[in-house]
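K.L.:
Quick one: structure below, then a few questions.
The values are calculated or read from the model by the stated rules, or taken from the named source; none is laboratory data. For clarity, every value in this text was computed on a predicted model and none was experimentally measured. All Cβ positions, glycine included, derive from the backbone under ideal geometry; neighbour counts span all protein chains shown. When the accessible area is computed, the model is the full protein with side chains, heavy atoms only, and any ligands, DNA or RNA have been set aside. Shrake-Rupley method; radii C 1.70, N 1.55, O 1.52, S 1.80 Å.
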Amino acid sequence: MGSNTVERPVAVAIVDDQDVVVEGVRGWIAGDPAGRAVIVAAGRSVEAVLDGPGREADVIVLDLELNPGWRLQQVAELVGELSDQSFRVVVFSVHIEPLVVQAVLEAGACAFLDKGADRDLFVDSIVAVAHDQPVVTRSMAGSILQAVRLSGREREAILHLFQGMDYDSIARRIKKPGGGHISATTVKQYIQRARAKFAAAGRPCRSNFTLIARCIEQGLIRPEEVEDYRPGQTHS
């Protein structure tokens with residue numbers, strides 16, 4: 001599942017309750033001349049998709065309207081939970097209001113595509129996300145280009161990184177909402193996603209030093225928060 005850079009065709013899972021959307025996406029991906037991606041699962045809920053081949057997906061394409069009456073906060077929490085499981089999430093929605101886009105990106109989504117996107121943009125974006133490359137769609141431009149917005153997990157991982165921790169140590173520090181710790185692979189993806197967001201905003205970070213500098217410049221991390229970490233420290 002969404003491990004490191006993908007060298008084979010990108011495995012895509014679709015979570016959408018509209019058959020016409022699912023079949024449209026299937027057609028777009030099947031019609032890609034380079035054969036860069038393949039659909040491994042599709043369903044009307046996250047649970048249905050992950051209870052099978054979908055759990056091995058590199059990218060999950062997620063519709064926002066999963067349950068009637070859901071509020072934006074609930075959708076954002078779902079995006080965060082999938083990110084905690086190392087999935088790269090691309091939100092695909094008709095709801096392109098800036099607050100919606102901002103909320104799902106801050107929750108950990110790698111990209112936001114509106115359902116008016118064309119085939120080439122859709123497939124290119126999915127492939128770029130699978131390779132942890134920066135993606136800026138028209139829906140994202142307003143919120144990303146004004147200011148880079150990191151998810152809480154991305155910020156937490158970066159802060160621990162600059163306290164001298166390795167990925168394994170960071171993973172032991174970050175707990176999932178339902179209990180248990182995230183994996184070192186997930187930590188690495190949080191760092192890569194943060195780099196991709198800065199790159200998408202025209203401020204690439206080619207070193208860890210530059211990444212922390214960018215975070216401090218933008219007020220995402222305060223200098224006094226970066227403390228030395230000693231491996232012998234105990235933690236809960």
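K.L.:
Within region 144-178, take every residue that is among the small types (Gly, Ala, Ser) and either open to solvent by 60 Å² or more (accessible area, probe 1.4 Å) or touching a Phe, Trp or Tyr at 6+ places or on another chain (Cβ under 9 Å) (or both) and give me the one that is modelled with the lowest pLDDT.
P.N.:
First, pick out the residues of region 144-178 that are among the small types (Gly, Ala, Ser): 147, 151-152, 157, 164, 169, 171, 178.
Then keep just the ones that are either open to solvent by 60 Å² or more (accessible area, probe 1.4 Å) or touching a Phe, Trp or Tyr at 6+ places or on another chain (Cβ under 9 Å) (or both); that gives 151, 157, 164, 169, 178.
Numbers: SER151: 84, ALA157: 91, GLY164: 82, SER169: 92, GLY178: 73.
Applying the filter and picking the extreme gives GLY178.
Listed here are the residues, each with its yes/no results for (1) in contact with a Phe, Trp or Tyr (Cβ under 9 Å, 6 or more places away or on another chain); (2) modelled with pLDDT of 90 or more; (3) of a type in the set (S, T, N, Q); (4) surrounded by 13 or more Cβ atoms within 10 Å (Cβ to Cβ).
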| position | (1), (2), (3), (4) |
| --- | --- |
| GLN18 | no, no, yes, no |
| GLY27 | no, yes, no, no |
| ALA30 | no, yes, no, no |
| ILE39 | no, yes, no, yes |
| GLY43 | no, yes, no, yes |
| VAL49 | no, yes, no, yes |
| ASP58 | yes, yes, no, yes |
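K.L.:
Can you confirm whether region 85-101 contains a residue that is acidic (Asp, Glu) and under 14 Å from SER151 (Cα atoms)? First the steps, then the outcome.
P.N.:
Here is the first cut: in region 85-101, the residues acidic (Asp, Glu) are 97.
From the residues that got through so far, the ones that are under 14 Å from SER151 (Cα atoms) too are none.
The answer is no; no qualifying residue exists.
K.L.:
Scan region 86-104 for residues that are over 12 Å from ILE14 (Cα atoms), open to solvent by less than 10 Å² (accessible area, probe 1.4 Å) and of a type in the set (A, V, I, L, M) and jot them down.
P.N.:
VAL101, VAL104
Rundown of residues vs (1) out of contact with any Ser or Thr (no Cβ under 8 Å at 6 or more places or on another chain); (2) more than 18 Å from ASP17 (Cα to Cα), yes/no style:
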{"residue": "ARG44", "(1), (2)": "yes, no"}
{"residue": "VAL59", "(1), (2)": "yes, no"}
{"residue": "LEU64", "(1), (2)": "no, no"}
{"residue": "ARG88", "(1), (2)": "yes, yes"}
{"residue": "VAL94", "(1), (2)": "yes, no"}
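K.L.:
Somewhere in region 64-78, is a residue surrounded by 15 or more Cβ atoms within 10 Å (Cβ to Cβ), at pLDDT below 90, farther than 23 Å from LYS175 by Cα and of a type outside the set (Lys, Arg)?
P.N.:
Here is the first cut: in region 64-78, the ones surrounded by 15 or more Cβ atoms within 10 Å (Cβ to Cβ) are 64, 66, 72, 75-76, 78.
From what is left, the residues that are at pLDDT below 90 are 64, 66, 72, 75-76, 78.
If we keep only those that are farther than 23 Å from LYS175 by Cα as well, we get 64, 66.
Then keep just the ones that are of a type outside the set (Lys, Arg); that gives 64, 66.
Yes, because at least one residue in region 64-78 is surrounded by 15 or more Cβ atoms within 10 Å (Cβ to Cβ), at pLDDT below 90, farther than 23 Å from LYS175 by Cα and of a type outside the set (Lys, Arg).
K.L.:
(1) farther than 24 Å from SER139 by Cα; (2) surrounded by 13 or more Cβ atoms within 10 Å (Cβ to Cβ); (3) of a type in the set (A, V, I, L, M, F, W, C): which one isn't true of ALA34, the others all being true?
P.N.:
Here ALA34 meets the rest and fails (2).
K.L.:
What's the number of the condition LEU121 fails, among (1) in contact (Cβ under 8 Å) with a residue 40 or more places away in the chain; (2) open to solvent by 20 Å² or more (accessible area, probe 1.4 Å); (3) in contact with a strand residue (DSSP E or B) (Cβ under 8 Å, 6 or more places away or on another chain)?
P.N.:
(1)
K.L.:
I'm checking my understanding of the structure. Among residues of region 179-236 that are more than 21 Å from ARG149 (Cα to Cα) and open to solvent by less than 60 Å² (accessible area, probe 1.4 Å), which one is modelled with the lowest pLDDT?
P.N.:
Taking region 179-236 as the starting set, the residues that turn out to be more than 21 Å from ARG149 (Cα to Cα) are 179-185, 227-236.
Subsequent filtering for residues that are open to solvent by less than 60 Å² (accessible area, probe 1.4 Å) retains 179-180, 182-185, 229.
Numbers: GLY179: 77, GLY180: 83, ILE182: 89, SER183: 90, ALA184: 90, THR185: 90, TYR229: 45.
Taking the candidates together, the pick is TYR229.
K.L.:
Moving on. Given VAL94, VAL100, which one is modelled with pLDDT of 80 or more and touching a Lys or Arg at 6+ places or on another chain (Cβ under 8 Å)?
P.N.:
Details: VAL100 fails: touching a Lys or Arg at 6+ places or on another chain (Cβ under 8 Å).
Residue meeting the stated conditions: VAL94.
K.L.:
Something else now. What are the pairs, 6+ residues apart or on separate chains, where a residue within region 71-91 that is of a type in the set (Asp, Glu) has its Cβ under 8 Å from a residue that is open to solvent by less than 10 Å² (accessible area, probe 1.4 Å) and in a helix (DSSP H, G or I)?
P.N.:
If the second residue must be open to solvent by less than 10 Å² (accessible area, probe 1.4 Å) and in a helix (DSSP H, G or I), the pairs left are ASP84/THR186.
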